[in-house]
């Protein structure tokens, strides 16, 4: 089989539409660019609608894909449902969901407020539930879908001052396994990516703190933080036809941290 034919069979997303939450920056943006480059039309949403619109315009210009950007708050069910309806109206369907919206509050549990706890859980976990719930009916109707959550290595391990974040990401893995079983008969694959340290907006302050950075590097056998483009291969696989026998998994990409 020729190389191009093999790629088309396994990884071509032409004719599909991908919705990316938290897609205006960081890992979400890089993954949105990857899906567009593989042929998908993309819908990018963020609480900051103008930033999402700018990102969509940038990706459309670079790839030629149809791209839609709009404001959506994954914590709010009406906002999510409105965003799904808008995507279906403008782009016709949603074949792929990449749920990347996330926040972190790093505090000792004794210093955590209920408001801070709710913010992390509602964004990182409830947001995945609400967006998946909203796209699954359309996927069932077409007997095809790919759902990819951004979880974390903190779905499996933890560090001090990560109570809410760790709880939310462990919950994402529980949701992944359950939804995979709920939807498998409809040819829908549900998986999570579990990144280790990548240099994103949410982690930049840690990366720039020399002392904290040094402590992180002690945990990473490869000896460095992940670079954003290194998420692309795994993200494309989990969204593509190639993923047809993979569901309910949490795939770690962490430079060897959890291998120790």
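The values are calculated or read from the model by the stated rules, or taken from the named source; none is laboratory data. This is a predicted model, so every value here is computed, not measured. Quick reminder, even Gly has a Cβ in these numbers, built from the backbone with ideal geometry, and neighbours come from all protein chains shown.
Scan the stretch 54-66 and give yes if some residue there is assigned to a helix (DSSP H, G or I) and closer than 19 Å to residue 135 by Cβ, otherwise no.
yes
Could you check residue 79 against (1) within 24 Å of residue 122 (Cβ to Cβ); (2) touching a residue at least 12 places away in the same chain (Cβ under 8 Å) and say which number it fails?
(2)
If you check residue 100 against the conditions, is it within 19 Å of residue 23 (Cβ to Cβ), in contact (Cβ under 8 Å) with a residue 60 or more places away in the chain and surrounded by 16 or more Cβ atoms within 10 Å (Cβ to Cβ)?
On the way: within 19 Å of residue 23 (Cβ to Cβ): yes; in contact (Cβ under 8 Å) with a residue 60 or more places away in the chain: yes; surrounded by 16 or more Cβ atoms within 10 Å (Cβ to Cβ): yes.
Criteria met by residue 100.
Would you be able to tell me the number of residues in the stretch 210-225 that are assigned to a loop (DSSP other than H, G, I, E, B) and either surrounded by fewer than 17 Cβ atoms within 10 Å (Cβ to Cβ) or free of Cβ contacts under 8 Å to residues at least 24 places away in the same chain (or both)?
Going residue by residue through the stretch 210-225, those that are assigned to a loop (DSSP other than H, G, I, E, B) are 218-225.
Now drop any that are not either surrounded by fewer than 17 Cβ atoms within 10 Å (Cβ to Cβ) or free of Cβ contacts under 8 Å to residues at least 24 places away in the same chain (or both), which leaves 218, 221-224.
Residues meeting the conditions: 5.
Go through the stretch 67-90 and report how many residues are assigned to a helix (DSSP H, G or I) and surrounded by fewer than 20 Cβ atoms within 10 Å (Cβ to Cβ). Even if it seems obvious, please write down each step before you answer.
So in the stretch 67-90, the residues assigned to a helix (DSSP H, G or I) come out as 77-90.
Next cut, surrounded by fewer than 20 Cβ atoms within 10 Å (Cβ to Cβ) only: 77-79, 81-82, 85-86, 88-90.
Looking only at that region, the number is 10.
Which count do you get for residues in the stretch 105-120 that are under 19 Å from residue 159 (Cβ atoms), within 20 Å of the chain's Cα centre (by Cα) and surrounded by fewer than 18 Cβ atoms within 10 Å (Cβ to Cβ)?
The number of residues fulfilling the criteria is 1.
Yes/no matrix, rows are residues, columns are (1) outside any helix (DSSP H, G or I); (2) closer than 17 Å to residue 255 by Cα; (3) out of contact with any strand residue (DSSP E or B) (no Cβ under 7 Å at 6 or more places or on another chain); (4) touching a residue at least 60 places away in the same chain (Cβ under 8 Å):
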residue	(1), (2), (3), (4)
141	no, no, yes, no
158	yes, yes, yes, no
173	no, no, no, yes
182	no, no, yes, no
191	yes, no, no, yes
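Rundown of residues vs (1) touching a helix residue (DSSP H, G or I) at 6+ places or on another chain (Cβ under 7 Å); (2) within 30 Å of residue 92 (Cα to Cα), yes/no style:
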{"residue": "178", "(1), (2)": "no, yes"}
{"residue": "201", "(1), (2)": "yes, no"}
{"residue": "223", "(1), (2)": "yes, no"}
{"residue": "226", "(1), (2)": "no, no"}
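Spot the failing condition for residue 27; the list is (1) in a helix (DSSP H, G or I); (2) under 17 Å from residue 62 (Cα atoms); (3) under 14 Å from the mean Cα position of the chain (by Cα), and only one is missed.
Every listed condition holds for residue 27 apart from (2).
So which residues in the stretch 226-256 are crowded, with 19+ Cβ neighbours inside 10 Å and farther than 25 Å from residue 178 by Cα, if there are any at all?
226, 255, listed by residue number.
Collect the residues in the stretch 30-49 that are out of contact with any strand residue (DSSP E or B) (no Cβ under 8 Å at 6 or more places or on another chain) and either assigned to a helix (DSSP H, G or I) or over 17 Å from residue 91 (Cα atoms) (or both), keeping them in residue-number order.
Of the residues in the stretch 30-49, the ones out of contact with any strand residue (DSSP E or B) (no Cβ under 8 Å at 6 or more places or on another chain) are 30, 33-34, 37-39.
Matches in the stretch 30-49: 30, 33, 34, 37.
Scan the stretch 194-201 and tell me whether some residue there is modelled with pLDDT of 95 or more and touching a strand residue (DSSP E or B) at 6+ places or on another chain (Cβ under 6 Å).
Yes, that holds for at least one residue.
Which is part of a helix (DSSP H, G or I), touching a helix residue (DSSP H, G or I) at 6+ places or on another chain (Cβ under 9 Å), at pLDDT 95 or above and under 22 Å from residue 250 (Cβ atoms), of 125, 98? Full working, then the answer.
On the way: 98 fails: part of a helix (DSSP H, G or I).
Result: 125 is the single residue among 125, 98 that is part of a helix (DSSP H, G or I), touching a helix residue (DSSP H, G or I) at 6+ places or on another chain (Cβ under 9 Å), at pLDDT 95 or above and under 22 Å from residue 250 (Cβ atoms).
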